[in-house]
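Have a look at the structure below, then the notes.
The values are calculated or read from the model by the stated rules, or taken from the named source; none is laboratory data. Computed from a predicted model, the values in this text were never measured in an experiment. As a convention, Cβ positions derive from the backbone with ideal geometry for all residues, glycine included, and neighbour counts pool all protein chains shown. Each accessible area value is taken on the protein alone, full model and side chains, heavy atoms only, with ligands, DNA and RNA left out. Shrake-Rupley method; radii C 1.70, N 1.55, O 1.52, S 1.80 Å.
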2 protein chains.
Amino acid sequence: MGTRVGFKNLAVELLAAEIGATKGSFYWHFRDRAELVDAVVEQWAHTATEAIIADVEEGGSGDALERLVDVVLGHPESAPTEWRILGAADHPQIGPVVARVHETRIDYVRRLLRARGMAPARAAARARVLYAAYLGNLVLLDAPGVMDAVKRSSLRREFLALIDAP
Amino acid sequence: MGTRVGFKNLAVELLAAEIGATKGSFYWHFRDRAELVDAVVEQWAHTATEAIIADVEEGGSGDALERLVDVVLGHPESAPTEWRILGAADHPQIGPVVARVHETRIDYVRRLLRARGMAPARAAARARVLYAAYLGNLVLLDAPGVMDAVKRSSLRREFLALIDAP
DNA sequence: GTGCATCCGTACGCTACCGTATGGAGGAGC
DNA sequence: GCTCCTCCATACGGTAGCGTACGGATGCAC
């Protein structure tokens, strides 16, 4: 069996065979492969932004930024999927959606920093760098052996230190 | 003309046509496409680690970590190439090389943090998060419109703040 | 000048994948 | 029972890209 992730593996015949169907069935439900890609990416964009933000917002105890760090660090199993989608951002169907997700997330972090009293300009720049650290963490999680030696508690501690940096 | 970057564009016939040659010529110099990929990735691994580290080491004025930040933030034009190679890390020929580059760079940042007096365990974790921020910065640079509003001086300031965070 | 090594071009086979054409099974309505 | 709609399978055409076969040119040794 293949890698199960990756834009290249989002192929019509491969997907159909995995389900146990054929191409004839696929092309009844989807007009073409582009429609499938759109559906997958749009689904990801939803669960990767609104769902996470809602999850953080409704869990009322403690600081929201801390809860956000716990949420994004607590689900390393979703890292490969997200990283593969980001890696396909050069595709014309995926790039705009990814950019939209980036801006939504950065703006959310910026608002949380503002709520902690950080000045507007600094909050904007800090939000970008913090989110960049999250993205790079995805990359490193995907590289075999690079993150094996580091404990998640250390990571959490460093992320929180970056939030509170002067 | 195409995008000039991206693993998919590293194709034999496309490359040959771009130079003005043909496949027959290519297969005289390379055994197959895998050998070409190996050569490109290995070349990148060299210039992306040893070259940068040497550049930082020999420029003697000021703090080494600050110089490193200036070097990596000062060459945004190399971001697309690096980002595309990282995005192809699921390829069996590229993944190990990328992991090697990650570890080399993280260890370098860790040593610089140690030289500033940071405790070993914290330096190891901090180096990973700092490097992750650099990687995420590559991702955001590639997303159109996301980084337009932020000035490089602000970015530099935030990176330095992350270095000195408690 | 003849033989040999080097380098390159043309033509072909092969595979993977997308998309289409076409027929057929099974249920719903009447 | 006839018809139509929904869903699926088989078979085919078309394209992109990798790798190979083979012939031709160019230069060097002798």
Counting only the heavy atoms of the protein chains, how much of A:H102 is accessible to a 1.4 Å probe, in Å² to the nearest 10?
-> 0 Å²
Quick one: divide the alpha-carbon radius of gyration of region A:15-95 by 2.2 N^0.38 Å and tell me what you get.
-> 1.44
Of the heavy-atom accessible surface of region A:1-139 (probe 1.4 angstrom), what whole percent is carbon and sulfur?
-> 57 percent
Counting only protein chains, not ligands or nucleic acids, how are A:F26, A:F7 ordered by accessible area (probe 1.4 Å), most first?
-> A:F7, A:F26
Span from the region A:101-145 Cα centroid across to the region B:66-94 one, whole angstrom = 19 Å
Spin-label zone in region A:72-102 - amide nitrogen under 16 Å from a point set 7 Å from the Cα of A:D32 along the C-beta vector | A:92-94
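Set the Förster radius R0 to 22 Å, insert the Cβ-Cβ distance between B:S78 and A:A11 as r into 1/(1 + (r/R0)^6), and round the FRET efficiency to 0.05.
0.10
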Proximal aspartates and glutamates to A:K151, defined as alpha-carbon separation beneath 15 angstrom and excluding residues fewer than eight positions away on the same chain = A:D70
Quick one: how many Å² of B:R116 are accessible to a 1.4 Å probe, rounded to 10?
-> 110 Å²
Largest to smallest principal axis extent of the C-alpha atoms in chain A, angstrom | 59, 34, 30
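Using a 1.4 angstrom probe with every protein chain in place, what is the largest-first accessible-area order of A:Y108, A:Y27?
From most exposed to least exposed: A:Y27, A:Y108.
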Calculate the spin-label point distance for B:E50 paired with A:E50, positioning each point 7 Å from the Cα along the beta-carbon direction, and give it in nanometres.
-> 5.2 nm
Place the label 7 angstrom along Cα→C-beta at B:E35 and in each other copy, then list the distances from the first to the rest in nm, shortest first.
-> 4.6
How far is helix A:120-142 tilted off the main Cα axis of chain A, in degrees rounded to 10, range 0 to 90?
-> 50 degrees
Using a Gaussian network model of chain B whose springs link C-alpha atoms within less than 10 Å, name the residue from B:V69, B:V56, B:V12 with the highest mean-square fluctuation.
-> B:V12
Mind checking the log10 I(q)/I(0) for the protein assembly as shown at q = 0.08, 0.09 Å⁻¹? Debye, one equal scatterer per Cα, no solvent, two decimals.
-> -0.42, -0.52
Under a Cβ-Cβ cut-off of 13 Å, what is the net charge of the residues other than A:R114 that fall near it, where Lys and Arg count +1 and Asp and Glu count -1?
-> +4
Counting only protein heavy atoms and leaving out ligands, DNA and RNA, the solvent-accessible surface of A:E66 at a 1.4 Å probe, in Å² to the nearest 10, equals 80 Å²
Ignoring ligands, DNA and RNA, how much accessible area is buried between chains B and A, both sides summed, with a 1.4 Å probe, to the nearest 100 Å²?
-> 3200 Å²
Rh (Kirkwood; distinct C-alpha pairs) - region B:109-164, Å = 12.3 Å
When only the heavy atoms of the protein chains count and the probe is 1.4 Å, how do B:E35, B:E57, A:E82 rank by accessible area, highest first?
-> B:E57, B:E35, A:E82
Probe 1.4 Å, accessible area per residue of region B:17-93, Å² | 58 Å²
Could you give the size of the charge dipole of region B:48-163 about its Cα centre, using +1 on the Cβ of each K and R and -1 on the Cβ of each D and E, expressed in debye and rounded to the nearest 20?
-> 540 debye
Put a label point 7 Å from Cα along the Cβ direction on A:A161, then list its distances to the equivalent points in the other copies in nm, shortest first.
-> 1.7
B:V12 label points, 7 Å along Cα→Cβ, one per copy: pairwise distances from this copy to the rest in nm, shortest first?
-> 2.7
Farthest positive-ward along the protein assembly as shown dipole, Cα basis, beta-carbon charges - from B:A17, A:L113, B:G87 = A:L113
